[in-house]
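The values are calculated or read from the model by the stated rules, or taken from the named source; none is laboratory data. All values reported here derive from a predicted model rather than from experimental measurement. Cβ placement follows ideal geometry from the backbone for every residue including glycine, while neighbour counts extend to all protein chains displayed.
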Amino acid sequence: MKKIDLHLHTVPTFSDAHFEFSLDKLNEYVTVTELDAIAITNHDVFDLAQFQEIQKALDCIVFPGIEIYVDNGHILLISENENLDDFQLKANKVSEKIKKAGDNINVEELIQIFGNLNDYLIIPHYQKKPSISKDTFEQLRAFIDAGEVDSPKKFVRMAKDDNEITPVLFSDVRIKEGLRKFPPRQTYIDCGELTISAIKHSLSDRSKVALSKSDGNKLFQIFDDGQQLSTGLNIVLGARSSGKTVTLNRINEECKNVKYIPQFSLVQRDDSNYEKEFNEGVARKKSNFVDKHLAPFKAVLDDVSTIDLITNRRKVDEYLETLMKQAEEVSKRDAFSKVTLFNESQFEISEETGLTDLITSVRLLIENIEYRDVIDKHINVVDLKALACELIESLWEKTLSTKKKNVVNEAVRDVKSKLKLRSSSTQVKDVDLYKVMIEHQKALKFNLIAKQLQTEKIIHEENIQGFKVVCKQRAFNGAGEVKNVSGKKVAFTSAYKEYSSPYKYLLELKNNEALTPSEFYKYFACIEYEILNKDGFKVSGGERSEFRLLQEIKDAQNYDYLLIDEPESSFDNVFLKGEVNQILKELSQTMPIVVVTHNSTVGASIKADYVVYTSKEVENGEIVYRRYSGHPSVKELSTVDGIKMDNFKVTIDSLEAGETAYTERKSGYESIKN
């Protein structure tokens, strides 16, 4: 990343309050802020003698420029560091037309003075006063490279909006004697050599512009010979058998946690096997989704599966029957049946899972290291430890109480059994009516929840670069569908007869010993998982390959590197440019990506951050493999030992089959269009 400030004033004009320029202060500004390049852009004037003095004094690149009042708005016009006398003459014509406050020139006059504006870097005040009008902007749109803003907030907002031009933030400072504070308004660009053409190339891609060095891409060494790659998006070019795939394989070997998509690995070759493989992949994703979607229902089912309403009903009947019978025998009661313990109920024993879980949660808060600062900000660790101690004491008390109840229950059972042996009176059967009622309500709620789960509706939709993943839930339409979900050779016909009554259906499933209880939750609702194309139909064979590639790229988020070998071998250009390029650019903001390609759609349209060119050369009668690399905007790519090669020729030969072929195709396309 290179740090630049292309808006500096060194000459006071009628547009400024008077100031005394200080070359020492400019040198200090460049040094302190670590600038790689600046531009001198005074209002409607260019001072060649002063510019050359600044060039000699500074240890950074200095571009000649001028800030011009165009139709009541300001634009920066910045030139290459060449033909300075000619630039002075053109700037003088601007000075002749703008002599006092309120004077300006129009777009037509601007073009008359400077000629082809594409030869310059054109940056208007965009979200900064005085900004050019909408009409002026439209007239200049074809020549504008970026828009200058006046705050980081506006920069960030524009950088995120694909409909906006690339934003830049510059100091717009007057370099004068007594300047104490340097403004923090500079811009970082991902650029190799600093020329106007290279900067224009970088500004054409908003992902190559940032407000801090940490936000942008960096170069890192990938091989022990010094070969570098960008932390962003890299493309590898080269002729056949020149070492492209060898380079990719070596990166795969040198690095850890790599997602590698080899050439042809996703293309459809055998219809039946490919469809089977695709469907197996969909089934795996469906299974993961089903488990996640049905997890809450599984918890409910696991709780209800321990309930036996038939046994509960029998216990209640026995309780009522023995109670009525004892009432009828009241006159026949003997000494043993009159003992209090004869009909005594036992203590209900329950597990203290809630209290145990609470203690575990508090312990996690105390012992957590990763989020220690956040926890301490809201809860004092001393209080947490005190809470844990009090909860543990409560658990001890309840545990002791439970032990006491177990001892008492054991004694009551023993006494009751001995009294029953000695008495002829009927002993009332013990039953927990509260528990019976709670379990009855749970079964009713379970029926309602299961019915809701069987209601047909879309439960999830996800758009993936033109494809749509749709998940639906509905009731099973027969025992055969349940059997397919189970994956077992088991008949579900008898159980399915009770499907409309979920609790009874659950009992039938439990009666089938061939079924695994932990899988029961899958047999209550049918979850459909479909991949649809942009027209809403199920994907075709070719579309399956496209979807798999997008999924493979998306899956790369779980890795540290993504390598792709010639995706154009398997996919057409429309798909690559519209879907693949977009997702690769987004992913390259978070990880290094390396794409081997000889296709202009991937190689050029994607606007890579770094280029590696592999070459097979003959040297002293021997074959030598070399790698040339550099930013896409540089004029020459270099090997690690300093050998250079023309970047334009490399790129156009690799991606366009040479300049002649490219020119002929371009001419042919224009003829068709016209």
Count of segment 104-147 residues which are aliphatic (A, V, I, L, M), surrounded by 13 or more Cβ atoms within 10 Å (Cβ to Cβ) and more than 13 Å from residue 70 (Cβ to Cβ): 2
Total residues in segment 607-659, condition free of Cβ contacts under 8 Å to residues at least 60 places away in the same chain and β-branched (Val, Ile, Thr): 6
Residue list for segment 487-507, restricted to those being under 11 Å from residue 524 (Cα atoms) and within 42 Å of the chain's Cα centre (by Cα): 499, 502, 506
Among (1) in contact (Cβ under 8 Å) with a residue 40 or more places away in the chain; (2) under 38 Å from the mean Cα position of the chain (by Cα) - the single one residue 48 does not satisfy: (2)
Residue ID - surrounded by the fewest Cβ atoms within 10 Å (Cβ to Cβ), chosen from residues in segment 388-428 that are under 30 Å from residue 364 (Cβ atoms) and among the basic types (Lys, Arg): 403
Strands (runs of 3 or more DSSP E) wholly inside segment 180-265 containing at least 1 residues that are farther than 19 Å from residue 628 by Cβ and touching a residue at least 24 places away in the same chain (Cβ under 8 Å): 187-189, 258-261
Only one of 18, 74, 9 that is more than 43 Å from the chain's Cα centre (by Cα) and either without any contact (Cβ under 8 Å) to a residue 12 or more places away in the chain or under 17 Å from residue 148 (Cα atoms) (or both): 18
Test: residue in segment 87-101 that is hydrophobic (A, V, I, L, M, F, W, C), free of Cβ contacts under 8 Å to residues at least 40 places away in the same chain and closer than 19 Å to residue 176 by Cα: no
Residue 78 of a type in the set (A, V, I, L, M), in contact with a strand residue (DSSP E or B) (Cβ under 9 Å, 6 or more places away or on another chain), closer than 26 Å to residue 176 by Cβ and modelled with pLDDT under 95: no
Strands (runs of 3 or more DSSP E) contained entirely in segment 579-674, each with at least 2 residues that are under 23 Å from residue 560 (Cβ atoms): 593-596, 610-619, 622-630
Helices (runs of 4 or more DSSP H) within segment 298-387 that include 2 or more residues free of Cβ contacts under 8 Å to residues at least 40 places away in the same chain and surrounded by 14 or more Cβ atoms within 10 Å (Cβ to Cβ): 353-367
Counted residues, segment 495-528 - those being without any contact (Cβ under 8 Å) to a residue 60 or more places away in the chain and among the aromatic types (Phe, Trp, Tyr): 4
Among the residues listed as 67, 109, 82, the single one being among the charged types (D, E, K, R) and farther than 22 Å from residue 199 by Cα: 109
Verdict on residue 556 being closer than 30 Å to residue 311 by Cα and either out of contact with any Cys (no Cβ under 7 Å at 6 or more places or on another chain) or modelled with pLDDT of 80 or more (or both): no
